[in-house]
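The values are calculated or read from the model by the stated rules, or taken from the named source; none is laboratory data. On a predicted model such as this, the values are computed, not experimentally measured, just so you know. With ideal geometry, Cβ positions are generated from the backbone for all residues, glycine too; neighbour counts draw on all protein chains shown. Note: areas computed on protein heavy atoms with side chains; ligands, DNA, RNA excluded. Shrake-Rupley method; radii C 1.70, N 1.55, O 1.52, S 1.80 Å.
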Amino acid sequence: MRIILVLEYDGSRYCGWQSQSNGCSIQDVLEIALSTIAKEEIRVVTAGRTDTGVHAFYQVVHFDTFAQRPINAWVRGVNALLPKDIAILWAAETTDKFHARYSALERRYLYLLLNQSVRSGMHSKKVGWFHQPLDLEKMQIAGNILIGEHDFSSFRAAECQAKSPIRTITQLNITRQGNLVIFDLRANAFLQHMVRNIIGCLVYIGKGKYSPDWMHELLESCNRTYAAPTFSPAGLYLAGVMYDPDWRMPKLTEVPVIPILFTTNNHITKEF
């Protein structure tokens, strides 16, 4: 039997998604809880690995099990065994044709950047921070250059294991709510550190270090050393994974982003 789960988590105290020998990852914690419910060893497959300190509003995994359990056991039962910063939101039985990673059509990330003169103490692990004024109009012009299919070698981590640097960005919107700048990106897939490297370059443009045309130069160079440093993971959220409607995944409505209040209530509905 194959089970799909949708979960959310605060990645602040974890060493990322992927399992580690010291058990510090979100995958490790989740698999222990699932194995306890199933009374057998469970290994999960995820739609996308998140890095150390990165959060998720809507992460998708699947796993195979011989255990016969009511669906609610994979939600409430597992949640009873998970720490408070990880929660299963939805579960369903599916066929072995579904794959959390390979069936996904698109991923969505949000980056929340606190743009004010002093850093936040209360929310230091939930937002990025930049102290100088930012020109969002120039940043959006630069962001538009990245939309479409490109070689994103200039924005991938040196240790990235993806076979190809070619990705297709379908959306890159930049808005402001008070002192919070919100980056909303969608793509068929993302390379390791790709979003955070893009944010770093957009901030360079927003503060006036480069013109928006610099983004053209970065794309054409295919050279990571020409780009800005990787931005902080604190403000990055996996905000959605999109699949063919036939899989009947729960809808992801717009995640309400309120400056410095991270309220995500009711951002998943039960069904289509």
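Explain nothing, just compute: Karplus ³J(HN,Hα) = 6.51 cos²θ - 1.76 cosθ + 1.60, θ = phi - 60°, for every residue of region 198-212 in order, whole Hz, x for Gly and Pro.
3J(HN,Hα) across region 198-212, in whole Hz: 5, 4, x, 5, 5, 5, 4, 6, x, 8, x, 5, 9, 7, x.
Using amide H atoms built 1.01 Å from N in the peptide plane, name the residues 5+ places from Phe152, or on other chains, whose amide H lies under 5 Å from its own.
Amide H neighbours of Phe152: Ile166, Arg167.
Label region 44-153 by shape, choosing from rounded, prolate and oblate, from the square roots a ≥ b ≥ c of the eigenvalues of the Cα gyration tensor; if a/c is under 1.5 it is rounded, and otherwise prolate applies when a/b is larger than b/c, oblate when it is not.
Oblate.
I need the shape label for region 1-62. Rule: rounded when a/c is under 1.5, else prolate if a/b > b/c, else oblate, with a, b, c from the alpha carbon gyration tensor.
Oblate.
Working from Cα positions, state the angle (0 to 90°, nearest 10) between the long axis of helix 136-145 and the longest principal axis of the chain.
70
For the chain, what is the accessible area per residue in Å², given a 1.4 Å probe and the full set of protein chains?
Using a 1.4 Å probe on heavy atoms only, each residue of the chain averages 48 Å².
If you plug each phi of region 152-161 into the Karplus form 6.51 cos²θ - 1.76 cosθ + 1.60 with θ = phi - 60°, what whole-Hz ³J(HN,Hα) values come out, in order, with x for Gly and Pro?
Each residue of region 152-161 in turn: 9, 4, 5, 10, 9, 5, 4, 8, 4, 9 Hz.
For Tyr243, what residues show an amide H to amide H distance below 5 Å, using hydrogens built from the backbone and excluding near sequence neighbours?
Leu105
At 7 Å along Cα-to-Cβ for each site, give me the label-to-label distance between Gln132 and Arg76 in nm.
Simple spin-label model gives 5.4 nm for this pair.
Do the alpha carbons of any pairs in Lys125/Lys207; Lys39/Lys251; Lys163/Lys209; Lys84/Lys207; Lys97/Lys163; Lys126/Lys251 sit beyond 26 Å of each other, and which pairs?
Lys39/Lys251; Lys163/Lys209; Lys84/Lys207
Add -39500 (n - 2.57) for each DSSP H run of 4 or more in the chain, then divide by its residues: what number comes out at 222 nm, to the nearest 500 deg cm²/dmol?
-5000 deg cm²/dmol
Express in whole angstrom the spacing between the alpha-carbon centres of region 103-135 and region 169-227.
So the two Cα centres are separated by 13 Å.
Across region 61-74, in residue order, what do the Karplus-derived ³J(HN,Hα) couplings come to in whole Hz, using 6.51 cos²θ - 1.76 cosθ + 1.60 with θ = phi - 60° and x for Gly and Pro?
9, 10, 8, 10, 8, 8, 6, 9, 9, x, 3, 4, 5, 7
For the chain, with all protein chains present and a 1.4 Å probe, just round the carbon and sulfur fraction of the accessible area to a whole percent.
Here it works out to 50 percent.
Taking C-beta distances below 4.7 angstrom as the pairing criterion, name the unpartnered cysteines of the chain, in sequence order.
Lacking a cysteine Cβ partner under 4.7 Å: Cys160, Cys201, Cys222.
Please give the length that would be gained between Cys160 and Tyr102 if that part of the chain were fully extended, namely 0.36 nm times their separation in residues minus their C-alpha to C-alpha distance (nm, one decimal).
Working it through step by step, the gained length comes to 19.1 nm.
Skipping prolines and chain starts, which residues have an amide H placed within reach, meaning under 5 Å, of the one on Ser211, given they are 5 or more residues away or on another chain?
Close amide H contacts, sequence-distant or interchain: none at all.
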